[in-house]
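The values are calculated or read from the model by the stated rules, or taken from the named source; none is laboratory data. Everything quoted here is computed from the prediction, not taken from an experiment. All Cβ positions, even for glycine, are placed from backbone atoms using ideal geometry, and neighbour counts span all protein chains on display. Surface areas here come from the heavy atoms of the whole protein model, side chains and all, with no ligands, DNA or RNA. Shrake-Rupley method; radii C 1.70, N 1.55, O 1.52, S 1.80 Å.
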Amino acid sequence: MLIREATPEDWPAIWPFFHEIVAAGETFTYPTDLTREQSRDWWLLSAPNRTVVAVDEAGTVLGTAKMNNNHLGNASHIASASYMVDPAHGGHGVGRALCEHTLQWARTAGFRAMQFNAVVETNHHAVSLYRSLGFEILGTLPEGFAHPTQGYLACVRVVNDRGALRHRDRLQGKWLRRGVLVPA
């Protein structure tokens with residue numbers, strides 16, 4: 001699998017699964033009736049933000065991710081990202097590869113943390129993946145997401161300000177963070 005910069009020419013391959021995922025209304029806080037053009041404008045970001053695609057050897061788009069500042073101004077040092085994997089290619093590590101790629105991007109770009117604002121509590125695969133990559137649940141908003149079949153569900157805010165974005169020097173089983181040893 002190769003992860004590369006997304007181009008406008010990738011949109012016809014992204015749109016079908018993007019539309020399927022968003023229209024289902026089960027995981028994203030996007031309006032479920034976004035048009036193809038609106039969706040493209042929301043997903044394909046321009047620099048300094050990025051959008052990438054994961055492709056197989058044949059060039060088939062397996063999934064996509066967008067990376068951006070989570071906020072502006074004095075909070076612009078916090079990154080965020082969103083991921084979509086074509087359901088036909090789920091369960092093969094595409095989501096993990098995209099998440100690891102965005103963490104590396106954030107680290108290289110100098111972000112101090114990565115935060116996801118609204119991960120739906122029923123998105124167990126995403127929460128499990130994020131935790132395995134060093135993210136922690138920062139808070140829960142009860143009834144923060146109106147699921148189309150399960151009613152109001154909690155959204156969790158997850159953040160990675162330790163593991164994957166921190167300089168990964170180890171000393172006697174402890175992390176070295178800004179010259180201070182903290183528990184691993």
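Tabulated results
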quantity: Test for F28: is it at pLDDT below 95 and hydrophobic (A, V, I, L, M, F, W, C); calculated: yes
quantity: Meets criteria (touching a residue at least 12 places away in the same chain (Cβ under 8 Å) and over 17 Å from the mean Cα position of the chain (by Cα)) for T29; calculated: no
quantity: Candidate set from region 130-163 (those that are aromatic (F, W, Y) and open to solvent by less than 30 Å² (accessible area, probe 1.4 Å)); member that is nearest to G91 (Cα to Cα); calculated: Y130
quantity: Cross-chain or 6+ apart pairs with Cβ under 8 Å, region 7-19 first and in contact (Cβ under 8 Å) with a residue 12 or more places away in the chain, then of a type in the set (S, T, N, Q) and open to solvent by less than 40 Å² (accessible area, probe 1.4 Å); calculated: D10/T64; I14/T64; W15/S39; F18/S39; F18/T64; H19/S39
quantity: Residue identified as closer than 28 Å to T149 by Cα and touching a Cys at 6+ places or on another chain (Cβ under 6 Å) among A118, A88; calculated: A118
